[in-house]
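The values are calculated or read from the model by the stated rules, or taken from the named source; none is laboratory data. This one's a predicted model, so the numbers in the text were calculated from it and none came from an experiment. For neighbour counting, all protein chains shown are included, and Cβ atoms are generated from backbone atoms with ideal geometry for every residue, glycine included. When the accessible area is computed, the model is the full protein with side chains, heavy atoms only, and any ligands, DNA or RNA have been set aside. Shrake-Rupley method; radii C 1.70, N 1.55, O 1.52, S 1.80 Å.
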Amino acid sequence: MLDATIVRDGIDARLGEFIARREAMKAANRYFYLQPTVGRTNHRVEMKDGRDMVQLASYSYLGLIGHPRIEQAAHEAIDAYGTGAGGVRLLTGTTDLHERLEERIAAFAKREDACVYSSGYVTNVAIITGLTGPGDLVLMDKLDHASIVDGCLLSGAKWHTYRHNDMSHLEKLLAKNAGEYSTILVVADSVFSMDGDVMDLPTTKALCERYGARLMVDEAHSVGSLGATGHGIEEHFDMVGSIDLKMGTLSKSIPSVGGYLAGSRDLIDFQRHMSRPFIFSAALPPAQTAAAIAAFDVIEDEPWRVQQLHENCRTYTAGLKAQGWDTMDSTTCVVPVLVGDEAKTMDLTRMLFDRGIFVCPIVHPAVPRGMDRLRTCLMATHTAEDITQALAAFAEAGAALGLI
Ligand SMILES: Cc1ncc(COP(=O)(O)O)c(C=O)c1O
(Lines give C-alpha, C1' and ligand atoms only; values in the text may rest on other atoms or scores of the structure.)
Protein backbone atom coordinates (compact mmCIF):
# COMPACT_ATOMS: atom_id res chain seq x y z
CA MET A 1 0.00 0.00 0.00
CA LEU A 2 1.44 3.34 -1.05
CA ASP A 3 2.01 5.85 1.71
CA ALA A 4 0.64 9.18 0.52
CA THR A 5 3.18 11.06 2.62
CA ILE A 6 6.27 9.53 0.94
CA VAL A 7 6.78 11.11 -2.47
CA ARG A 8 9.50 9.48 -4.56
CA ASP A 9 8.72 10.60 -8.11
CA GLY A 10 5.99 12.07 -10.31
CA ILE A 11 3.92 8.89 -10.35
CA ASP A 12 4.06 8.60 -6.58
CA ALA A 13 3.08 12.24 -6.29
CA ARG A 14 0.04 11.72 -8.50
CA LEU A 15 -0.98 8.57 -6.65
CA GLY A 16 -0.50 10.30 -3.32
CA GLU A 17 -2.71 13.23 -4.33
CA PHE A 18 -5.37 10.86 -5.66
CA ILE A 19 -5.36 8.66 -2.56
CA ALA A 20 -5.62 11.64 -0.24
CA ARG A 21 -8.61 12.99 -2.16
CA ARG A 22 -10.32 9.59 -2.38
CA GLU A 23 -9.89 8.88 1.33
CA ALA A 24 -11.14 12.36 2.31
CA MET A 25 -14.27 11.79 0.21
CA LYS A 26 -14.85 8.38 1.76
CA ALA A 27 -14.32 9.71 5.29
CA ALA A 28 -16.92 12.42 4.64
CA ASN A 29 -19.36 9.86 3.16
CA ARG A 30 -19.08 11.73 -0.16
CA TYR A 31 -17.66 9.02 -2.45
CA PHE A 32 -20.12 8.00 -5.19
CA TYR A 33 -18.02 6.46 -7.96
CA LEU A 34 -17.92 2.86 -9.25
CA GLN A 35 -21.19 1.95 -7.52
CA PRO A 36 -22.17 -1.55 -8.64
CA THR A 37 -25.69 -2.24 -9.84
CA VAL A 38 -27.14 -5.64 -10.71
CA GLY A 39 -29.39 -6.69 -13.56
CA ARG A 40 -30.64 -4.53 -16.41
CA THR A 41 -30.65 -0.74 -16.02
CA ASN A 42 -33.89 0.92 -16.98
CA HIS A 43 -35.89 3.70 -15.33
CA ARG A 44 -35.27 1.88 -12.05
CA VAL A 45 -32.12 0.08 -11.07
CA GLU A 46 -31.15 -2.38 -8.37
CA MET A 47 -28.00 -1.64 -6.42
CA LYS A 48 -25.70 -4.47 -5.34
CA ASP A 49 -26.96 -4.03 -1.77
CA GLY A 50 -30.49 -4.74 -3.00
CA ARG A 51 -31.86 -1.18 -2.95
CA ASP A 52 -34.31 -0.24 -5.70
CA MET A 53 -33.56 3.27 -7.02
CA VAL A 54 -34.95 5.66 -9.62
CA GLN A 55 -32.27 5.72 -12.32
CA LEU A 56 -31.61 9.39 -13.03
CA ALA A 57 -28.11 9.16 -14.46
CA SER A 58 -28.23 6.74 -17.38
CA TYR A 59 -27.46 7.57 -21.02
CA SER A 60 -29.98 4.93 -22.09
CA TYR A 61 -32.38 7.73 -22.98
CA LEU A 62 -34.95 5.55 -24.72
CA GLY A 63 -34.91 2.82 -22.07
CA LEU A 64 -33.88 0.18 -24.61
CA ILE A 65 -31.63 -1.92 -22.37
CA GLY A 66 -33.47 -5.23 -22.05
CA HIS A 67 -35.76 -4.64 -25.07
CA PRO A 68 -36.86 -8.17 -26.11
CA ARG A 69 -36.28 -7.64 -29.83
CA ILE A 70 -32.79 -6.27 -29.25
CA GLU A 71 -31.88 -9.06 -26.86
CA GLN A 72 -33.22 -11.69 -29.24
CA ALA A 73 -31.02 -10.29 -32.03
CA ALA A 74 -28.00 -10.48 -29.73
CA HIS A 75 -28.79 -14.08 -28.69
CA GLU A 76 -29.24 -15.15 -32.31
CA ALA A 77 -25.93 -13.55 -33.27
CA ILE A 78 -24.11 -15.47 -30.52
CA ASP A 79 -25.77 -18.69 -31.69
CA ALA A 80 -24.69 -18.08 -35.27
CA TYR A 81 -21.33 -16.31 -34.88
CA GLY A 82 -20.07 -16.96 -31.34
CA THR A 83 -18.77 -14.29 -29.02
CA GLY A 84 -15.87 -12.59 -30.78
CA ALA A 85 -14.98 -11.20 -34.20
CA GLY A 86 -11.47 -12.67 -34.05
CA GLY A 87 -9.63 -9.79 -35.64
CA VAL A 88 -9.53 -6.25 -36.94
CA ARG A 89 -12.06 -5.03 -39.46
CA LEU A 90 -9.59 -4.53 -42.33
CA LEU A 91 -8.33 -8.11 -42.20
CA THR A 92 -10.34 -10.96 -40.63
CA GLY A 93 -12.85 -9.17 -38.36
CA THR A 94 -15.52 -8.05 -40.86
CA THR A 95 -18.72 -10.14 -40.96
CA ASP A 96 -21.93 -9.61 -42.89
CA LEU A 97 -23.38 -8.34 -39.59
CA HIS A 98 -20.92 -5.44 -39.65
CA GLU A 99 -21.91 -4.66 -43.22
CA ARG A 100 -25.59 -4.74 -42.26
CA LEU A 101 -24.99 -2.45 -39.30
CA GLU A 102 -23.14 0.06 -41.46
CA GLU A 103 -25.94 0.04 -44.03
CA ARG A 104 -28.50 0.49 -41.24
CA ILE A 105 -26.63 3.45 -39.76
CA ALA A 106 -26.21 5.07 -43.19
CA ALA A 107 -29.97 4.81 -43.75
CA PHE A 108 -30.74 6.21 -40.28
CA ALA A 109 -28.26 9.07 -40.71
CA LYS A 110 -29.36 9.69 -44.32
CA ARG A 111 -25.85 9.33 -45.69
CA GLU A 112 -24.30 7.17 -48.42
CA ASP A 113 -22.24 5.04 -46.06
CA ALA A 114 -21.01 4.59 -42.49
CA CYS A 115 -18.15 2.83 -40.73
CA VAL A 116 -18.23 1.42 -37.24
CA TYR A 117 -15.53 1.50 -34.56
CA SER A 118 -15.20 -0.25 -31.21
CA SER A 119 -16.29 2.77 -29.12
CA GLY A 120 -17.45 6.34 -29.47
CA TYR A 121 -14.21 7.54 -27.92
CA VAL A 122 -12.19 5.61 -30.48
CA THR A 123 -14.39 6.93 -33.29
CA ASN A 124 -13.57 10.56 -32.51
CA VAL A 125 -9.88 9.75 -32.32
CA ALA A 126 -10.13 7.81 -35.60
CA ILE A 127 -11.92 10.59 -37.47
CA ILE A 128 -9.62 13.40 -36.39
CA THR A 129 -6.37 11.45 -36.75
CA GLY A 130 -7.54 9.95 -40.05
CA LEU A 131 -8.53 13.22 -41.67
CA THR A 132 -6.27 15.90 -40.19
CA GLY A 133 -2.57 16.26 -39.51
CA PRO A 134 0.25 18.81 -39.46
CA GLY A 135 -0.74 21.78 -41.64
CA ASP A 136 -4.43 21.53 -40.65
CA LEU A 137 -6.41 23.39 -38.01
CA VAL A 138 -9.21 22.04 -35.79
CA LEU A 139 -11.55 24.54 -34.12
CA MET A 140 -13.68 23.03 -31.38
CA ASP A 141 -16.23 24.17 -28.86
CA LYS A 142 -14.68 24.59 -25.38
CA LEU A 143 -17.13 21.99 -24.00
CA ASP A 144 -16.51 19.31 -26.65
CA HIS A 145 -15.96 15.77 -25.38
CA ALA A 146 -12.49 14.70 -24.20
CA SER A 147 -12.16 12.21 -27.07
CA ILE A 148 -12.21 15.12 -29.55
CA VAL A 149 -9.37 16.80 -27.66
CA ASP A 150 -7.45 13.52 -27.57
CA GLY A 151 -7.96 13.07 -31.33
CA CYS A 152 -6.44 16.51 -31.89
CA LEU A 153 -3.50 15.76 -29.61
CA LEU A 154 -2.72 12.58 -31.56
CA SER A 155 -3.30 14.02 -35.02
CA GLY A 156 -0.52 16.60 -35.04
CA ALA A 157 -2.99 19.25 -36.31
CA LYS A 158 -3.05 22.65 -34.67
CA TRP A 159 -6.17 23.19 -32.58
CA HIS A 160 -8.01 25.94 -30.73
CA THR A 161 -11.17 26.04 -28.69
CA TYR A 162 -13.88 28.68 -29.14
CA ARG A 163 -15.99 29.84 -26.21
CA HIS A 164 -18.96 27.58 -25.61
CA ASN A 165 -21.59 28.07 -28.34
CA ASP A 166 -20.12 31.55 -28.99
CA MET A 167 -20.55 32.00 -32.72
CA SER A 168 -18.85 35.39 -32.84
CA HIS A 169 -15.74 33.83 -31.29
CA LEU A 170 -15.84 30.98 -33.82
CA GLU A 171 -16.17 33.53 -36.65
CA LYS A 172 -13.22 35.52 -35.31
CA LEU A 173 -11.04 32.39 -35.30
CA LEU A 174 -12.20 31.39 -38.78
CA ALA A 175 -11.56 34.86 -40.21
CA LYS A 176 -8.10 34.95 -38.63
CA ASN A 177 -7.06 31.52 -39.89
CA ALA A 178 -8.85 31.07 -43.24
CA GLY A 179 -6.33 30.47 -46.02
CA GLU A 180 -3.52 29.67 -43.56
CA TYR A 181 -4.19 25.92 -43.36
CA SER A 182 -4.79 23.14 -45.82
CA THR A 183 -8.01 22.14 -43.98
CA ILE A 184 -9.98 23.82 -41.21
CA LEU A 185 -12.23 21.37 -39.38
CA VAL A 186 -14.90 22.74 -37.02
CA VAL A 187 -16.04 20.18 -34.42
CA ALA A 188 -18.95 20.47 -31.98
CA ASP A 189 -21.05 18.18 -29.80
CA SER A 190 -24.70 18.27 -30.87
CA VAL A 191 -25.94 18.07 -27.27
CA PHE A 192 -23.32 19.07 -24.71
CA SER A 193 -22.94 16.23 -22.28
CA MET A 194 -22.40 18.30 -19.11
CA ASP A 195 -24.73 21.24 -19.83
CA GLY A 196 -27.54 19.63 -21.86
CA ASP A 197 -27.76 22.51 -24.32
CA VAL A 198 -27.76 22.18 -28.11
CA MET A 199 -25.11 23.47 -30.55
CA ASP A 200 -26.09 26.29 -32.90
CA LEU A 201 -26.06 24.22 -36.08
CA PRO A 202 -27.52 26.89 -38.43
CA THR A 203 -24.86 29.50 -37.58
CA THR A 204 -22.01 26.99 -37.36
CA LYS A 205 -22.92 25.64 -40.80
CA ALA A 206 -23.20 29.13 -42.32
CA LEU A 207 -19.79 30.08 -40.91
CA CYS A 208 -18.20 26.88 -42.23
CA GLU A 209 -19.55 27.67 -45.69
CA ARG A 210 -18.43 31.28 -45.56
CA TYR A 211 -14.85 30.39 -44.57
CA GLY A 212 -14.44 27.10 -46.45
CA ALA A 213 -14.25 24.90 -43.32
CA ARG A 214 -15.50 21.32 -42.88
CA LEU A 215 -18.06 20.54 -40.17
CA MET A 216 -17.93 17.51 -37.86
CA VAL A 217 -20.66 16.92 -35.25
CA ASP A 218 -20.61 14.43 -32.37
CA GLU A 219 -24.15 13.07 -31.99
CA ALA A 220 -23.46 10.91 -28.92
CA HIS A 221 -26.30 12.50 -26.94
CA SER A 222 -28.69 13.40 -29.77
CA VAL A 223 -29.21 10.12 -31.61
CA GLY A 224 -32.53 8.77 -30.38
CA SER A 225 -33.22 11.83 -28.26
CA LEU A 226 -33.23 14.96 -30.41
CA GLY A 227 -35.68 15.71 -33.24
CA ALA A 228 -39.33 14.69 -33.43
CA THR A 229 -38.42 11.09 -34.36
CA GLY A 230 -35.02 10.89 -32.63
CA HIS A 231 -32.95 11.26 -35.79
CA GLY A 232 -30.75 13.86 -34.14
CA ILE A 233 -29.53 17.40 -34.65
CA GLU A 234 -30.23 17.70 -38.39
CA GLU A 235 -33.85 16.71 -37.81
CA HIS A 236 -34.08 19.11 -34.84
CA PHE A 237 -33.07 22.08 -37.04
CA ASP A 238 -34.65 20.72 -40.24
CA MET A 239 -31.20 20.77 -41.88
CA VAL A 240 -30.79 17.23 -43.18
CA GLY A 241 -27.51 16.79 -45.08
CA SER A 242 -25.76 19.81 -43.55
CA ILE A 243 -23.00 18.02 -41.58
CA ASP A 244 -19.90 16.79 -43.43
CA LEU A 245 -18.76 14.29 -40.77
CA LYS A 246 -21.58 12.84 -38.70
CA MET A 247 -20.29 10.92 -35.69
CA GLY A 248 -22.39 8.95 -33.21
CA THR A 249 -22.12 6.32 -30.50
CA LEU A 250 -23.78 2.93 -30.06
CA SER A 251 -23.57 3.06 -26.26
CA LYS A 252 -26.23 5.55 -25.20
CA SER A 253 -29.72 5.49 -26.77
CA ILE A 254 -28.47 2.47 -28.73
CA PRO A 255 -27.97 -0.16 -25.99
CA SER A 256 -24.74 -1.67 -27.25
CA VAL A 257 -21.16 -0.44 -27.58
CA GLY A 258 -19.24 1.18 -30.43
CA GLY A 259 -19.27 4.32 -32.48
CA TYR A 260 -19.66 5.35 -36.10
CA LEU A 261 -18.89 7.91 -38.75
CA ALA A 262 -21.51 8.49 -41.46
CA GLY A 263 -20.72 10.40 -44.64
CA SER A 264 -20.04 10.13 -48.35
CA ARG A 265 -19.06 6.75 -49.80
CA ASP A 266 -15.49 7.78 -50.62
CA LEU A 267 -14.90 9.41 -47.26
CA ILE A 268 -16.04 6.29 -45.44
CA ASP A 269 -14.00 3.97 -47.61
CA PHE A 270 -10.96 6.17 -46.99
CA GLN A 271 -11.50 5.82 -43.24
CA ARG A 272 -11.91 2.04 -43.55
CA HIS A 273 -8.47 1.82 -45.14
CA MET A 274 -6.60 4.67 -43.49
CA SER A 275 -7.78 5.25 -39.91
CA ARG A 276 -5.58 3.51 -37.40
CA PRO A 277 -8.29 2.35 -34.92
CA PHE A 278 -10.03 0.56 -37.80
CA ILE A 279 -6.81 -1.16 -38.83
CA PHE A 280 -5.25 -1.87 -35.44
CA SER A 281 -8.15 -2.58 -33.06
CA ALA A 282 -10.57 -5.53 -32.99
CA ALA A 283 -14.00 -5.44 -34.63
CA LEU A 284 -17.21 -5.17 -32.60
CA PRO A 285 -18.38 -8.57 -31.31
CA PRO A 286 -21.35 -10.14 -33.13
CA ALA A 287 -23.88 -9.79 -30.30
CA GLN A 288 -23.23 -6.07 -29.92
CA THR A 289 -23.35 -5.56 -33.68
CA ALA A 290 -26.69 -7.34 -34.02
CA ALA A 291 -28.11 -5.52 -30.97
CA ALA A 292 -27.24 -2.17 -32.53
CA ILE A 293 -28.95 -3.06 -35.83
CA ALA A 294 -32.12 -4.05 -33.98
CA ALA A 295 -32.01 -0.89 -31.85
CA PHE A 296 -32.08 1.41 -34.89
CA ASP A 297 -35.13 -0.54 -36.10
CA VAL A 298 -36.84 -0.22 -32.71
CA ILE A 299 -36.30 3.56 -32.60
CA GLU A 300 -38.11 3.92 -35.93
CA ASP A 301 -40.81 1.33 -35.15
CA GLU A 302 -41.67 2.66 -31.66
CA PRO A 303 -41.95 6.45 -32.07
CA TRP A 304 -43.76 6.74 -28.72
CA ARG A 305 -40.40 6.41 -26.99
CA VAL A 306 -39.00 9.68 -28.37
CA GLN A 307 -42.33 11.44 -27.75
CA GLN A 308 -42.46 10.22 -24.15
CA LEU A 309 -38.83 11.18 -23.58
CA HIS A 310 -39.59 14.74 -24.69
CA GLU A 311 -42.69 14.84 -22.49
CA ASN A 312 -40.71 13.56 -19.48
CA CYS A 313 -38.01 16.19 -20.04
CA ARG A 314 -40.57 18.99 -20.08
CA THR A 315 -42.33 17.79 -16.90
CA TYR A 316 -39.13 17.15 -14.95
CA THR A 317 -37.26 20.32 -15.96
CA ALA A 318 -40.32 22.51 -15.28
CA GLY A 319 -40.68 20.81 -11.88
CA LEU A 320 -37.06 21.54 -10.94
CA LYS A 321 -37.30 25.16 -12.09
CA ALA A 322 -40.51 25.66 -10.11
CA GLN A 323 -38.59 24.55 -7.00
CA GLY A 324 -35.92 27.19 -7.71
CA TRP A 325 -33.12 25.03 -9.16
CA ASP A 326 -30.84 26.35 -11.91
CA THR A 327 -30.91 23.87 -14.82
CA MET A 328 -28.62 26.11 -16.93
CA ASP A 329 -29.54 26.25 -20.63
CA SER A 330 -30.66 22.64 -20.90
CA THR A 331 -33.46 21.97 -23.37
CA THR A 332 -32.76 18.24 -23.67
CA CYS A 333 -32.83 15.00 -21.70
CA VAL A 334 -29.47 15.90 -20.10
CA VAL A 335 -30.50 18.19 -17.23
CA PRO A 336 -27.77 19.71 -15.04
CA VAL A 337 -28.72 20.87 -11.57
CA LEU A 338 -26.22 23.61 -10.76
CA VAL A 339 -25.01 23.76 -7.16
CA GLY A 340 -21.74 25.68 -7.53
CA ASP A 341 -19.89 24.12 -4.60
CA GLU A 342 -18.19 20.72 -4.47
CA ALA A 343 -19.06 19.79 -0.86
CA LYS A 344 -22.69 20.82 -1.27
CA THR A 345 -22.92 18.90 -4.54
CA MET A 346 -21.72 15.79 -2.74
CA ASP A 347 -24.10 16.36 0.18
CA LEU A 348 -27.01 16.77 -2.22
CA THR A 349 -26.01 13.56 -3.96
CA ARG A 350 -25.92 11.72 -0.62
CA MET A 351 -29.36 12.98 0.37
CA LEU A 352 -30.83 11.99 -3.00
CA PHE A 353 -29.22 8.56 -2.76
CA ASP A 354 -30.70 8.11 0.68
CA ARG A 355 -34.11 8.93 -0.84
CA GLY A 356 -33.73 6.28 -3.58
CA ILE A 357 -32.54 8.51 -6.46
CA PHE A 358 -29.44 7.45 -8.42
CA VAL A 359 -27.66 10.64 -9.59
CA CYS A 360 -24.07 11.55 -10.48
CA PRO A 361 -22.11 14.48 -9.04
CA ILE A 362 -19.97 16.37 -11.55
CA VAL A 363 -17.26 18.42 -9.88
CA HIS A 364 -13.91 20.03 -10.71
CA PRO A 365 -11.86 19.17 -12.81
CA ALA A 366 -14.70 17.79 -15.01
CA VAL A 367 -16.29 21.26 -14.82
CA PRO A 368 -14.77 24.63 -13.84
CA ARG A 369 -14.66 25.49 -10.12
CA GLY A 370 -17.91 27.05 -9.01
CA MET A 371 -19.87 25.11 -11.64
CA ASP A 372 -20.20 21.88 -9.61
CA ARG A 373 -23.51 20.20 -10.31
CA LEU A 374 -25.52 17.05 -10.56
CA ARG A 375 -26.00 15.83 -14.10
CA THR A 376 -29.37 14.16 -14.34
CA CYS A 377 -30.67 12.28 -17.37
CA LEU A 378 -34.23 11.50 -18.36
CA MET A 379 -35.47 8.32 -19.99
CA ALA A 380 -38.53 7.55 -22.12
CA THR A 381 -39.45 4.83 -19.65
CA HIS A 382 -39.52 7.01 -16.53
CA THR A 383 -43.04 6.86 -15.15
CA ALA A 384 -44.98 9.76 -13.65
CA GLU A 385 -44.29 8.16 -10.23
CA ASP A 386 -40.52 8.09 -10.87
CA ILE A 387 -40.52 11.78 -11.76
CA THR A 388 -42.70 12.68 -8.78
CA GLN A 389 -40.39 10.71 -6.46
CA ALA A 390 -37.31 12.43 -7.89
CA LEU A 391 -38.80 15.92 -7.63
CA ALA A 392 -39.97 15.29 -4.06
CA ALA A 393 -36.46 14.17 -3.12
CA PHE A 394 -34.92 17.28 -4.73
CA ALA A 395 -37.37 19.53 -2.88
CA GLU A 396 -36.66 17.93 0.48
CA ALA A 397 -32.87 17.71 0.07
CA GLY A 398 -32.60 21.19 -1.46
CA ALA A 399 -34.53 22.77 1.40
CA ALA A 400 -32.55 20.85 4.05
CA LEU A 401 -29.25 22.01 2.53
CA GLY A 402 -30.44 25.59 2.00
CA LEU A 403 -29.95 25.33 -1.77
CA ILE A 404 -33.47 26.36 -2.83
C1 LIG B 1 -20.14 13.68 -26.52
C2 LIG B 1 -19.50 12.34 -26.37
N3 LIG B 1 -18.76 11.86 -27.38
C4 LIG B 1 -18.17 10.65 -27.31
C5 LIG B 1 -18.30 9.86 -26.19
C6 LIG B 1 -17.63 8.53 -26.14
O7 LIG B 1 -18.56 7.54 -26.41
P8 LIG B 1 -18.39 6.03 -25.89
O9 LIG B 1 -18.76 6.04 -24.44
O10 LIG B 1 -19.35 5.28 -26.75
O11 LIG B 1 -16.97 5.65 -26.10
C12 LIG B 1 -19.07 10.31 -25.12
C13 LIG B 1 -19.22 9.47 -23.92
O14 LIG B 1 -19.83 9.76 -22.94
C15 LIG B 1 -19.69 11.58 -25.21
O16 LIG B 1 -20.42 12.08 -24.20
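Some points to look at:
- Over the chain, accessible surface divided per residue gives 43 Å², non-protein components excluded, 1.4 Å probe.
- Note on PHE270/GLU311: beta-carbon distance plugged into 1/(1 + (r/R0)^6) with R0 of 41 Å gives a FRET efficiency of 0.50.
- The portion of the accessible surface of the chain made up by carbon and sulfur, rounded to a whole percent, is 53 (1.4 Å probe; DNA, RNA and ligands excluded).
- Global form of the range 117-227, assessed from the alpha-carbon gyration tensor, a/c cut-off 1.5: oblate
- Equivalent ellipsoid semi-axes - Cα gyration tensor, the range 141-297, angstrom: 26, 20, 14
- Over all distinct Cα-Cα pairs of the range 15-137, the Kirkwood formula returns a hydrodynamic radius of 19.1 Å.
- For MET140, nonlocal amide neighbours, meaning residues 5 or more places apart or on other chains whose placed amide H falls under 5 Å from its own, are HIS160, THR161, TYR162, VAL187.
- Ratio Rg/Rh [Cα only; Rh per Kirkwood] for the range 270-404: 1.11
- Protection proxy ranking, highest mean first, for peptides 90-100, 222-232: 222-232, 90-100, where packing is the per-residue count of other beta-carbon atoms within 10 Å, averaged.
- Largest accessible area first, the residues PHE270, PHE237 order themselves as PHE270, PHE237 under a 1.4 Å probe with ligands, DNA and RNA left out.
- √(5λ) per eigenvalue of the Cα gyration tensor, the chain, largest first, Å: 33, 27, 24
- Its relative contact order, with pairs defined as Cα atoms under 8 Å and 6+ residues apart, puts the chain at 21 percent.
- Here nothing in the chain passes the span test, since no DSSP H helix has an alpha carbon length of 27 Å or more along the helix axis and a Kyte-Doolittle mean of -0.5 or above.
- Contact order, relative form, for the range 274-404: 25 percent (alpha carbon pairs under 8 Å, 6 or more residues apart, mean separation divided by residue count).
- Normalising the average separation of contacting C-alpha pairs (under 8 angstrom, six or more residues apart) by the number of residues puts the relative contact order of the range 38-131 at 12 percent.
- By a 1.4 Å probe calculation restricted to protein chains, PHE108 has an accessible surface near 10 Å², given to the nearest 10.
- Of LYS158/LYS252; LYS205/LYS321; LYS246/LYS321; LYS48/LYS344; LYS110/LYS246; LYS205/LYS246, those spanning more than 22 Å from alpha-carbon to alpha-carbon: LYS158/LYS252; LYS205/LYS321; LYS246/LYS321; LYS48/LYS344
- Residue among HIS236, HIS310, HIS273 with the largest mean-square fluctuation in a Gaussian network model of the chain, springs linking Cα atoms under 10 Å: HIS273
- Evaluated at q = 0.17, 0.29, 0.30 Å⁻¹: base-10 log I(q)/I(0), Debye formula over Cα of the range 54-105: -0.73, -1.13, -1.15
- ALA282-THR229 pseudo-label distance in nm [points 7 Å out on the Cα-to-Cβ vector]: 3.7 nm
- Percentage of interatomic Cα-Cα distances in the range 220-332 larger than 18 Å: 62 percent
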